[in-house]
Each structure stands twice: as structure tokens, then as C-alpha cells.
Amino acid sequence: MNAPNPIPSPDPAALRLAPALPEWNPDADDALIVRAIRDETPDVKTFVLAPRSPCVFRYAPGQFLTLELEIGGEAINRCYTIASAPTRPHTLSITVKRVPGGPVSNFLHDHIKVGSVIRAVGPMGDFSCLMQGTPSPAPHYLFLSGGSGITPLMSMARSFHDLAEPRDLVFVHAARSPVDIVFRAELELMARNQPGHFRFAPVCEADSPFEPWHGLRGRLNLGLLSHIAPDYKQREIFVCGPSPFMAAVREMLKAAGFDMARHHEESFDFAELANAEPEVAAEVIEAELAEQARAPEPQVATYTVTFAKQNRSIECRSDMFVLDAARRSGVRLPSSCSKGLCGTCKSKLVSGTVDMKHGGGIRQREIDAGMALLCCSKPTSDLVVDR
């Protein structure tokens, strides 16, 4: 008697293309599988991620994801902007530049392989030209990116391209050399696919060792910008890059009389604030200090916050966030957004209580386990923090 033919297993790709897939819910399962790794430049890689079970991602182009990684026995949270487009919802990608001495970027480049599992929360953030609640579409856009700051703008550009939206978009990218232009081939393809609607203008500071640069050269300035987009004052401008790049663009546009209501920039630099020096921290809280200096000094309680691993204790008023108090006292703590969004400053409270009003960067089960976001937590008792 012949054995019955076995029922063939369904193709995993077919399962992921099934209709009416649920939305990925990191509260239910925060594990993402690395499906592919792509070299973009010699020091930039793209990691393509997918849920363990067939799901789809919903997000606005320009939003970010917070990775939860264990490196050297320590839990580290780090944010990366999503580079992919929500028009292709079955996978999500982050594009990471290797930073010399950077623990997370080097860990991702050196140790994460296809099949690795990464835990993440998100998507979060409000830096997007395509988010519900944003103003009506602008007729003309200008994207200005520097280095790895290209990722949120790339997500927006990919979305316009996939949707065949006839937007007038000029995309300017500043890079060190031709070999450092991230997504160069794809952006050039977008320009060929959308003649009259999409222009890509890379600007390089120098030649590559084996590729002389014959395009626009130098650092972005008003003369270059006026040459690339003479009508820049009529465009909606989105900017992302290292903090010095964004600051230079901001001052350049102000000096040129640009309507800054139509200037949008990523509100924090993950890479720089994650390694905040005291002077960087001082800039972050400068506005708060100035406001407190103008206001009468209220009578408030003061508590002692002890950072167990650093064997440091500081005083923190009950109307001050723990992270701000730590920075003022010279205590270095990981942080990124300082808005309760990203989860980078997530810490275990060994003892004590806080008043925490977060923006989505921590889950209820983590709060129940005694975790807190120090950037948006005010002490209501003495604290001992596992930092």
C-alpha cells in the first residue's frame, strides 16, 4: 500500500504576502529577524528586519525604531531611523554607519548576521512630511541631508517614488567623497524614473581614492544651494544630519531670510546625544535653566539619587527630571531624545519611586518590572538606580 503524499509546507514568502496580515505589535512580540544585510558604502550597512510571525509594519516615513541590544553583558538601547518605506510593509530596514569606538554600530557591523534576532520597540517620532495630522502636501520640497542623516529623508523619497506621487522634490546630499554617498545608485534611478519631478544633487568635499569627483564640490553653502535650487525659498525644507550640519543649514537659511516656519529638522541627533558630554548636555537644558532663572524659586522637596554602578550620589529636586539633574552633576548616562520617546535612558530602579510621563518609549510590563525613563521621571522619594 502506497503511503499518502505528504502535504507540502506553505512557502514562507507566500505566508508573508497573505491578505489581511496583522500589524506588528512589539508589546506582544518585540523580536525581529535579520533577513538580509547590504553593504551601502565601506562603513555603512543596511539591516533588513522582519517579524518572527507574518505581520506588517505601519509607520510614517521618517520615524525611528529603538533597538534593545545586549552588548558585553549590558542592556543598551539605541535609536535608528527607518530607511525603508511604509509602502513595502512586510520588512523594515535600518541603515547604520560604523562609528569609530561606537559600541552599538560596531556590534551591529561585526556581530549581527542574517538570522540574528534583534529586539526593538517603535516606530516613533514626528519628523515626517507624510504623517497623519501634518499640513496639506507642499507643492515643492527640498531635502538636505548630511552623512547617515540621509535615512529619514530616504524613507520619504522612497514613499513618494513607490506611490508615483508627482511631487517636485530636490534631494541634496552632502558626503565626504563619492564612495561615501549612501543610496547613490537608487537615488540616481529615482531621478531617471521621475524626470521633471525628482532631482538628486550630491555634494562631495573630496575625491575617492579611485574615483575623482566631477560634480558639485565643497561644503553646502548658500551659493551652492542657490545654484542647485534657485527657488529654495518657495520650497518646504526637511533637514537631517549631524548636529553641526543641521545648525549650519539653520543659520544659513535664517541669514537668507527663509521663512523658518517651512524649515523642518530632526529634533535630536541620536549618535551625538547618546554620548553626551557635559557641554552637550548643557545645551539641551539651557532653555529650562533660563526659564527657571526668570521664575521665583518655589519651595520643593529634594531627594538623593544614587547611581549604584558608578557609586555616585546626587541631589535632585522633585520638580526636575533625573536625567537633567545627573547631567548637571557631571554623571554620564545614555540618552537620545530626552522626550520619553526612544527608550535609550531606560534604567532599573533598585529602590524608590518616580513620577514618569513618557511618550511611548517604555512598555507597561517594563514599568511593572521597575524600569523607568530617566529623561521624563521626577523623583518622589530617594532613589537607587542600577547605573
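Test of the criteria: in the range 20-91, which trypsin sites (Lys or Arg not before Pro) are in a DSSP loop and have at most 12 other Cβ atoms within 10 angstrom of their Cβ?
On the way: sites: Arg35, Arg38, Lys45, Arg52, Arg58, Arg78; in loops: Arg52, Arg58.
Filter output for the range 20-91: Arg52, Arg58.
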Discussion item. Rolling a 1.4 angstrom probe over the protein chains, ignoring ligands and nucleic acids, what is the accessible area of Asp386 in square angstrom, nearest 10?
Written reply: 60 Å²
Item to complete: Bin width 10 Å, alpha-carbon pairs only: give the P(r) of the range 65-139 as whole percents, running from 0 to the bin holding the largest distance.
Response: 15, 44, 27, 12, 3, 0
Response to the item:
In whole percent, the fraction of accessible protein surface over the chain that belongs to carbon or sulfur atoms, probe radius 1.4 Å, stands at 55 percent
Response to the item:
With every protein chain in place, the accessible area of Ser145 for a 1.4 Å probe, in Å² rounded to the nearest 10, comes to 0 Å²
Item to complete: For the range 353-369, take each phi angle, set θ = phi - 60°, evaluate the Karplus expression 6.51 cos²θ - 1.76 cosθ + 1.60, and give the result in whole Hz per residue in order, putting x for glycine and proline.
Response: 10, 9, 9, 10, 10, 9, x, x, x, 8, 9, 4, 5, 6, 4, 4, 8
Item to complete: Please report, in cubic angstrom per residue, the volume enclosed by the convex hull of the alpha-carbon atoms of the chain.
Response: 199 Å³
Worksheet, complete the sentence: Highest GNM mean-square fluctuation among Val350, Val48, Val172, for the chain with Cα springs under 10 Å, belongs to Val350
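Beyond 11 Å, what share of the Cα-Cα pairs of the range 53-93 is found? Please give it as a whole percent. Display every interim value, and only then the final one.
Details: 546 of 820 pairs.
The proportion of pairs with Cα distances above 11 Å equals 67 percent.
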Worksheet item: Tell me, how many Å apart are the Cα centres for the range 200-229 and for the range 337-368?
Response: 43 Å
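How much accessible area per residue does the range 21-173 have, counting only protein heavy atoms and a probe of 1.4 Å, in square angstrom?
Details: 5950 Å² over 153 residues.
About 39 Å² of surface per residue is accessible.
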Discussion item. Modelling each spin label as a point 7 Å along the Cα-to-Cβ direction, I'd like the His197/Asp110 distance in nm, to one decimal.
Written reply: 4.5 nm
Discussion item. Give me the base-10 log of I(q)/I(0) for the range 89-178 at each q in 0.20 Å⁻¹, Debye formula, one uniform scatterer per Cα, rounded to two decimals.
Written reply: -1.18
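Please report the net charge: other residues with Cβ closer than 13 Å to the Cβ of Gln63, K and R +1, D and E -1. Walk me through the intermediate numbers first.
Working: positive: Arg58; negative: Asp126, Glu266.
Local charge sum for Gln63: -1.
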Worksheet item: Tell me, what is the 1.4 Å probe accessible area of Ile228, in Å² to the nearest 10?
Response: 10 Å²
Discussion item. Set the bar at 31 Å for Cα to Cα. Now go through Lys97/Lys346; Lys254/Lys357; Lys45/Lys346; Lys45/Lys309; Lys309/Lys378; Lys97/Lys378 and name every pair that lies beyond it.
Written reply: Lys254/Lys357; Lys45/Lys309; Lys97/Lys378
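The values are calculated or read from the model by the stated rules, or taken from the named source; none is laboratory data. Just so you know, these numbers come straight off a predicted model, no measurement behind them. Using ideal geometry, Cβ is built from the backbone for each residue, glycine included, and neighbour counts are taken over all protein chains shown. For the accessible areas, the whole protein counts, side chains as well, though only heavy atoms, and no ligand, DNA or RNA atoms are used. Shrake-Rupley method; radii C 1.70, N 1.55, O 1.52, S 1.80 Å.
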